[in-house]
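Below is one structure, written out as structure tokens; the observations come after it.
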Amino acid sequence: MSRTVLERFPAGGPRGSWPAEEFAGARREKGVPARVVMDLESDTFLVVVEPRTPERVRE
């Protein structure tokens, strides 16, 4: 499964600030199925979009 990373945010942001979630929320409002995941290796939050799969046609 491949993902497209839209943006990266450092995990050590100011207390009470959620820039990755705000960025992802703004994308979702525009119809982009963005979500936030944590990259433990680099200690960053990633806003990602997974490729859409074609919907199955019901018969």
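Quick look at the values:
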{"quantity": "Condition broken by R56, with the remaining ones in (1) open to solvent by 90 Å² or more (accessible area, probe 1.4 Å); (2) part of a loop (DSSP other than H, G, I, E, B); (3) modelled with pLDDT of 90 or more satisfied", "calculated": "(3)"}
{"quantity": "Residues that are open to solvent by 60 Å² or more (accessible area, probe 1.4 Å) and at pLDDT below 95, drawn from region 7-20", "calculated": "P10, G12, P14, R15, G16, W18"}
{"quantity": "Some residue of region 43-53 being in contact with a helix residue (DSSP H, G or I) (Cβ under 6 Å, 6 or more places away or on another chain), at pLDDT 95 or above and not polar (S, T, N, Q)", "calculated": "yes"}
{"quantity": "Residues within region 21-44 that are open to solvent by 60 Å² or more (accessible area, probe 1.4 Å) and part of a strand (DSSP E or B), tallied", "calculated": "2"}
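The values are calculated or read from the model by the stated rules, or taken from the named source; none is laboratory data. Computed from a prediction, not measured in an experiment: that's the story for all the values here. A quick note on method: Cβ atoms are made from the backbone with ideal geometry, for glycine too, and the neighbour counts reach across all protein chains shown. Accessible surface is based on the protein model in full, side chains and every heavy atom, while ligands, DNA and RNA are left aside. Shrake-Rupley method; radii C 1.70, N 1.55, O 1.52, S 1.80 Å.
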